[in-house]
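The values are calculated or read from the model by the stated rules, or taken from the named source; none is laboratory data. Please read these numbers as outputs of a predicted model, since none were measured by experiment. Cβ atoms come from the backbone with ideal geometry, glycine included; neighbour counts cover every protein chain shown.
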Amino acid sequence: MNYTKSELMVVAAARELENDDSVLVGIGKPNLACNVAKRTHAPDLQMVYESGTIGSNPSSPPLSIGDPVLASGAVSIEPMRNNFNYQLQAGRLDVGFLGGAQIDKNGNINSTVIGDYDDPDVRLPGSGGACEIACHVGRTLMITPHSARRFPEEVDFITSPGYVDGREGRKELGLSGGPEAVITDLAVCRFDERGEMYVAALHPNATREEVRAETGWEIEFADDLETTPEPKEEELRLIREDLDPDEMYTDQAE
Amino acid sequence: MSKLTSMHDAVSDGVSDGDSVYLAGFTHLIPFAAGHEIIRQEKRDLELIRATPDLIYDQLIAAGCARKATFSWAGNPGVGSLPAFRRAAEDGIPTELELEEYTHFGLIAALDAGASNLPFAPLRGFIGSDLPEHNDNIARVESPFDDDYVYAVAPIEPDVAVVRAQRADESGNAHLWGIQGEVKIAGLAADTVILSVEELCSEETIRSDPNRTVITSDDVDHVVHDPYGSHPSYAQGYYGRDNEAYIEWAEIASDVDRVEAWLDEWVYGVENRREYVEKLGVDRLLDLQPDHSYATPVDMGAYR
């Protein structure tokens with residue numbers, strides 16, 4: 001069955017989620033991934049949004065993290081202060097999705113500025129909830145195109161901590177959890193015992209050379225390098241017919 | 001006591017040049033009509049505080065009302081960036097814009113400190129981030145009880161907050177449902193509070209469901225009845241987000257001349273929200289209207 005890179009990215013992210021997870025969802029591909037998981041292998045997945053909705057069950061793709069479809073039919077809606085205090089800070093969430101303009105070797109993410117903070121080349125939106133999501137969920141996931149610009153050895157600005165300067169560095173700050181997987185259009189990357197990103201699986205038809213060319217440091221490959229499993233028919237049907245029929249967040253194959 | 005007034009008079013009375021202003025509502029119930037009134041009255045040198053500046057602060061910045069933005073996520077939700085915010089921050093057009101930046105949790109905690117009359121609020125936030133180096137109102141503090149630590153944020157106490165809700169009585173007791181965001185603590189942290197609602201209701205309606213009250217009349221200075229006052233954001237149960245407007249703004253705001261033309265047409269060219277709504281037209285409003293879905297009533301009990 002034909003599929004596109006963006007469809008594969010959504011499905012690969014969905015497979016990172018487990019049935020008893022509670023997940024802090026983002027807009028776009030993360031939302032699709034969570035809904036694919038919920039409608040296939042993880043029906044009990046609890047979806048929480050930064051806007052304070054808990055147990056959302058959106059009837060159509062939310063346009064923002066505060067969309068009314070996330071509120072109607074939710075289990076609960078918390079004011080922002082409570083949501084960050086009791087859900088996130090207290091460690092009640094298992095998984096969180098993060099985005100950003102840059103991610104580095106140790107999984108640190110920049111969504112604040114390219115260049116100098118006080119005289120930026122590009123002013124990006126900033127943290128929003130991302131920093132504390134990165135601090136407090138058990139596993140963070142990122143879905144991003146693979147390019148050297150997006151994968152520097154060190155980010156220009158740490159908005160959201162990954163393994164900081166290594167797993168020990170994160171631990172010394174008193175943080176548990178950390179980056180679990182980075183899903184790109186070429187590969188699924190994970191983090192080794194030092195807290196350094198490596199390629200765990202290449203997507204079908206992607207090559208080591210492509211990944212090396214699009215990564216800003218000498219990225220390592222797993223000894224038992226895998227090939228990312230292809231999407232199943234049911235997963236593609238959900239994306240194309242139910243979740244993203246207008247191709248807002250995915251390119252879709254015929 | 002009725003505090004009912006027009007948005008014109010509420011802004012004229014409540015907002016002065018140089019004030020710090022918080023237009024509350026996290027993606028939901030954003031006070032667009034109040035923002036447009038501030039632009040029409042040509043208020044200047046404002047410190048604009050909002051977790052998500054959204055389109056409304058992009059418009060206020062483009063119109064030259066702002067000297068400073070205090071924020072935690074400056075983007076066009078679901079669409080992209082805020083062109084006027086970036087133009088001011090990067091190039092000082094039309095005015096220099098000082099930035100004071102937080103994370104969502106940090107900004108909300110700072111508001112909570114303001115609302116609670118505390119010298120700071122502690123949070124496990126900013127850990128491992130470069131942000132505290134660039135904001136003097138964020139500091140690491142050691143626990144007095146063990147070797148743990150947290151970050152502290154200084155209180156944020158806006159001169160004025162504008163908060164919206166679905167309904168309120170004329171004295172300013174407001175019912176809000178759907179996403180509550182920071183509405184309550186923004187109202188409690190501010191000196192002056194302008195409350196704007198989709199509908200006026202009786203005090204009896206408020207008293208029938210006190211758990212739904214998000215802000216009480218004690219904290220409210222002005223009550224404005226401004227239907228569709230959050231367009232193009234939304235009001236749960238009343239209308240959805242006008243996504244076309246969010247997408248259009250991304251294009252309009254990239255071009256200074258188009259911004260001027262847009263402000264002339266949609267802000268300076270109308271007298272108030274009613275004229276803006278008339279200009280939007282019936283078709284567009286009907287397209288944004290959801291079907292009904294009522295909550296099951298609760299029995300509060302009538303006790304003797």
### Task
Considering only segment A:50-79, state which residues are surrounded by 21 or more Cβ atoms within 10 Å (Cβ to Cβ), in contact with a strand residue (DSSP E or B) (Cβ under 6 Å, 6 or more places away or on another chain), under 17 Å from A:CYS34 (Cα atoms) and not small (Gly, Ala, Ser).
A:THR53, A:ILE65, A:LEU70
### Task
Kindly indicate whether B:VAL162 is under 16 Å from B:THR27 (Cα atoms), facing another protein chain (nearest Cβ under 10 Å) and modelled with pLDDT of 95 or more.
no
### Query
Looking at B:SER196, is it more than 20 Å from B:VAL11 (Cβ to Cβ), away from chain A (no Cβ under 14 Å) and touching a residue at least 24 places away in the same chain (Cβ under 8 Å)?
no
## Note on the structure
Being under 18 Å from the mean Cα position of the chain (by Cα) and either within 12 Å of another protein chain (Cβ to nearest Cβ) or over 21 Å from A:GLU16 (Cα atoms) (or both) narrows A:THR159, A:THR144, A:THR140 down to just A:THR159
### Query
Of these, A:THR184, A:THR207, which one is among the hydroxyl-bearing types (Ser, Thr, Tyr), on the phi < 0 side of the Ramachandran plot and over 18 Å from the mean Cα position of the chain (by Cα)?
A:THR207
### Message
I'm checking my understanding of the structure. Among residues of segment A:80-109 that are surrounded by fewer than 20 Cβ atoms within 10 Å (Cβ to Cβ) and either on the phi > 0 side of the Ramachandran plot or assigned to a loop (DSSP other than H, G, I, E, B) (or both), which one is farthest from the other protein chains (Cβ to nearest Cβ)?
### Response
A:ASP94
### Message
Quick test of your reading of the structure: A:PRO125 fulfils all but one of (1) facing another protein chain (nearest Cβ under 8 Å); (2) assigned to a strand (DSSP E or B). Name the failing condition by number.
### Response
(2)
### Task
Could you look through segment A:146-201, keep only residues that are touching a residue at least 60 places away in the same chain (Cβ under 8 Å) and of a type in the set (Val, Ile, Thr), and pick out the one that is farthest from A:SER127 (Cα to Cα)?
A:VAL188
#### Entry: Test: A:VAL113 is more than 10 Å from every other protein chain (Cβ to nearest Cβ) and either buried (at least 24 other Cβ atoms within 10 Å of the Cβ) or in contact (Cβ under 8 Å) with a residue 12 or more places away in the chain (or both)
no
#### Entry: helices (runs of 4 or more DSSP H) enclosed by segment B:236-304 - at least 3 residues per element that are more than 23 Å from the chain's Cα centre (by Cα) and of a type in the set (Asp, Glu)
none
